[in-house]
Amino acid sequence: MKTEGKQQVSVKWNSYLPIFVVCIMGVLISYLIGPARYTQRILLLIVLWAVASSSFNVISGYAGQVVFGYMMFVGTGAYTTVLLFKFLAVSPWLGMWAGVVVAILTALVIGLPTLRLHGAFFAIATIAFPLITFPILNHLGLEELSIPFTGHGASSMQFRDMRFYVLIAIALLAVVLITVRTIESSRFGFALRALKQNETAAEGMGINTYSNKLMAFMISAGLGALMGTVYSFGLLYILTTNAVFGLFIMVRILSITIVGGMATVWGPLIAACILVPIGEFLNAQFGDRYPGVQDVIYGVALIAAILYMPEGIWGMIRRSFRRLPSKLTVSMKLAAGEDSEQGIVDGARDYDLFKVKPIQGVTMGNDINDPILKIEGIDKYFGGVCALGNVSIEVPRGKVTGIIGPNGSGKTTLFNVINGFLPPEKGRILFEGRNIASLKPHVASRLGIGRTFQIPQVFSNMTVLENVMIGAFNRWGNVDKAYAEADKIAQQMGLSGRAYDQAVGLTMWETKILEFSRALATQPKLLLVDEPMAGLNPEESNRIGEIIRVIIKSGITVIVIEHVVQSLVKIADWMVGLDHGRKVAEGTPQQVISDPHIIEAYLGAKWRERHATS
Amino acid sequence: MGIFIESIISGILIGMSYAVLAAGLALIFGVMKIINFAHAEFAVLAMYFPTYWFLNWWGIDPFISAFIALPLFFFLGYLTQRLLIERIIGTPEAETSTLIITLGFSLLISNLILIGWSGAPRIINQPYTMATWSIGNILINRAQTYSLFISLGLIGGLFLLLNKTLIGKAIKAAADDPEGCAYMGINLHFVYALAFGLGIAITGAGGCLMATYRPFNPFFGETIVIILFASVILGGMTSIMGALLGGLIIGLVQQLSVFVVPIALQNVAVFTILVLFLYVRPQGILGKKGRAV
């Protein structure tokens, strides 16, 4: 879908149209089937499991944080509503929102500490919470709660005709699908996809990974609570802890989401339409003789989906649709002969057009002669090893500062300390007069410190353009603006021919250029470039040098780490030499490379070695 | 005082039974960096087959079954690794994918047991199941005590196997640096399958031992799987000695918590400890990050 609308990537009302159509169809089907309880019950189950799975998808599919304890929120919603209804006579129509609030608070309590954990640890940590709640509720005597029949009918969400519940559930489905669809094509959704693929790079691009994950977790929990309410009123006459906090809830949701497709809008609904009727049918046919047959189906579905269809049903459908347009764009461009001959490599010549405006504002008050970055007495230890010892550097504004030093001299550590991946043990880092030591990387990025990585950290399952957009979101909240900006930068950097290709298939050169484009899209005042020439041939290295000079012209200060001293001398205005975590030289390139310390530590060591072995 | 000492002793006995299973889990995690969610289900399977059925069919004593289970479950684990897990290991999402696929597998095992052998709770009836020794007024269950010593033997054996044999060295090396191993001509998939097999073998034996004094049903695994995770996380995930320590601590917490909270909330205490540990010290008690086996 994104490939079609060139100017328009944000959601308009018509992108919600399919959701409305599907929901109205659902209502019609339910109405036409008639009041038969059994079929309506299955229909209700399909819709409710689709709702729960889509809600689960927000945190586990889009943000990639698989919550094994998701039943916590379904249960919280159900219990809050039923308890309020039973003991305080609060209408479930109100109670369900109370359930949402409680679920969101629960998500906050669970998420604040656990979201710092990764992968499987996070999954296991979350499963502990329903397991704690379960026995506590039982102990409080709330193991079984009969939902009182008040006879108020509609106002207490109690209907004889199952079709009303289906109607409510479909309304809920519409809400959830619209939410998911909106998230998918918003800045928030891009942030989630980015942090799912590469948290380091996402932080480097100004995304607060932690708060974005927490946000997704709370949204997910709130929607799950709504499902819990309708589930308990529509299907259960007696609410039991096992029915809403049990592991089987998790299994259903997980199977449906994975079979349908993680991080897709339609996947969970499609999978629910397939798995739920099969499960119910088998249960009805063989359930009395083979009581576990339904769960066997879900177990087999889980295993088969992971092994043979990791993208899920919708993922496969979407991929087969996506392939066509993306090829078309490239071939059409080639036919038009725009940059066909020069191809991608020569496209980099376009950098003459390159005009990134530095962000003004904070810069205004500062004297042009003030250093943009002042590093004062930084210490950094790894265990007992001193990676940086009392390093002080002043980085002149609007110049290229080169940092050289042998392997393990602390160059990359210095970058990691500057943009917040590592907190220093001692010392200050003044960026435009503000101490940024120990700030998080996304804050550094917001303040205007861009970064490219030694080992390129692109979001490999996103297109080139989407990668650049992630950078552009650092300045623009609006998706269309970010898209336009990313498109412009991709063109200037000569990546437009590859704009709609997945970043995973890029060559080394293209990957490096993508890293530059993405970092520039964040509109940095200071750009940290970590070994840009590693892995490139001399011709390409020269071009990188030219690109860096162009970047300087647009008013951005650049710090470059490089191994190839020769190339660095050509582009740097100022140079710093590091050895064993200490600054051993500083000055113009000529001064530094003729400094005895540097010759000793860097050039001399190599030189001597060569002579010693021969 | 007597009841306190009795609780400590039973904590150690229970803890040891968790430790055996946790050792298998830690071995698998340590080597392959994956979490086996179906771990407890393997133990439950061993409670039925060989333990329960061998006793009923041929009158084979469960303690002998424990040793029969070793090769059987080694083979089962080996196959599981080869057929299921090998395909997804090494992919970027391997950690969560394996967690999910083993969750699916655990469902299969427990529900197939339910279908095949019914959900009725089972109990092993041997002379030692209920028999006790009494020291003063302290009662010690005999089956649990025998199990304790066999468990110690099993863990010791696993330890020797890993530290004194060439295969053990290959497994430890694969845990440390899989890429380096591949360059040294070690067949990683084979080593992984061996490690998985070993982990499941000791778990199967542990299940047999547990069956001698605990009633069980097809879904018994659900109640202990998180306890096993808790033990392993307490012990620092990858170390077998850590899992032993973690299992003992969990056993003690479970048994001693009755002095503080109602007995129904025993497991709440355990899971609270788990959550606290994940917050405060995710690297576990022994806490050497990345330590192999």
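Every read-out reported here was derived from the displayed coordinates using simple, explicitly stated rules and does not represent laboratory data. Because the structure is a prediction, the values reported are computed rather than measured. Reconstructed Cβ throughout: ideal geometry from the backbone, glycine too, with neighbour counts over all protein chains shown.
Observations on the model:
- R0 of 22 Å, Cβ-Cβ distance residue A:288-residue A:238: FRET efficiency to nearest 0.05: 0.55
- The chymotrypsin sites (Phe, Trp or Tyr not before Pro) of segment A:191-245 meeting both criteria, a DSSP state outside H, G, I, E and B (loop) and at most 15 other C-beta atoms within 10 angstrom of the site's C-beta, are A:237.
- Residue-averaged beta-carbon neighbours from other chains (10 angstrom radius) around A:285-294: 3
- Inter-chain neighbour count for B:271-280: the average number of beta-carbon atoms from partner chains within 10 Å of each residue's beta-carbon is 5.
- Interchain or long-range residues, amide H under 5 Å from residue A:394's placed H: A:375
- FRET efficiency, residue B:137 to residue A:399 (Cβ-Cβ, R0 56 Å, nearest 0.05): 0.10
- Loop exposure criterion: GluC sites (Glu not before Pro), DSSP state outside H, G, I, E and B, at most 16 other Cβ atoms within 10 Å. Applied to chain A, the longest stretch between such sites is A:144-337.
- Partners of residue A:86 within straight-line reach, counting aspartates and glutamates whose Cα lies under 16 Å from its Cα and excluding those fewer than 8 residues away in the same chain: A:143, A:144.
- Axis of helix A:162-184 versus longest Cα principal axis of chain A: the two differ by about 0°, to the nearest ten degrees.
- Within a Gaussian network of chain B (alpha carbon springs, distance under 10 Å), most fluctuating of B:25, B:139, B:158: B:139
- Anisotropy class of the protein assembly as shown from Cα gyration tensor, a/c 1.5 cut: oblate
- Compared with the dominant principal axis of the Cα atoms in chain A, helix A:479-492 is inclined by about 30°.
- Förster radius 30 Å - calculated FRET efficiency between residue B:280 and residue A:580, Cβ distance, rounded to 0.05: 0.30
- Distances between placed amide hydrogens fall under 5 Å for residue A:239 paired with A:145, A:146, A:147, all partners being 5 or more residues away or on another chain.
- Where labels lie 7 Å past Cα in the beta-carbon direction, separation of residue A:537 and residue A:21 in nm: 5.0
- Rounded to the nearest 10 degrees, the inclination of helix A:312-336 to the longest alpha-carbon principal axis of chain A is 40 degrees.
- Max mean-square fluctuation residue, GNM over chain B, Cα-Cα springs under 10 Å, options B:221, B:24, B:153: B:153
- Relative contact order, percent, segment B:222-272 [alpha-carbon distance under 8 Å, six or more residues apart]: 30
- Derived scalar couplings between HN and Hα for segment B:162-173 equal 6, 9, 10, 10, 5, 4, x, 5, 4, 5, 5, 5 Hz in order, rounded to whole Hz, by the Karplus curve 6.51 cos²θ - 1.76 cosθ + 1.60 (θ = phi - 60°), x for Gly and Pro.
- Sequence-ordered 3J(HN,Hα) estimates for segment B:234-244 from the Karplus curve with 6.51, -1.76 and 1.60 and θ = phi - 60° stand at 4, x, x, 6, 9, 9, 5, 5, x, 4, 4 Hz, glycine and proline given as x.
- Rounded to the nearest Hz, the phi-derived 3J(HN,Hα) couplings of segment B:66-71 under the Karplus curve 6.51 cos²θ - 1.76 cosθ + 1.60 (θ = phi - 60°) are 4, 7, 5, 5, 3, x, where x marks glycine and proline.
- Interchain or long-range residues, amide H under 5 Å from residue A:450's placed H: A:525, A:526, A:527, A:528
- Taking all Cα pairs closer than 8 Å and separated by 6 or more residues, the relative contact order of chain A comes to 16 percent.
- Segment A:13-320 - convex hull of alpha carbons, volume per residue in Å³: 140
- Relative contact order computed over segment A:13-320 (Cα-Cα under 8 Å; 6+ residues apart), in percent: 31
- Within-11-Å neighbourhood charge of residue B:110 [Cβ basis; K, R +1; D, E -1]: -3
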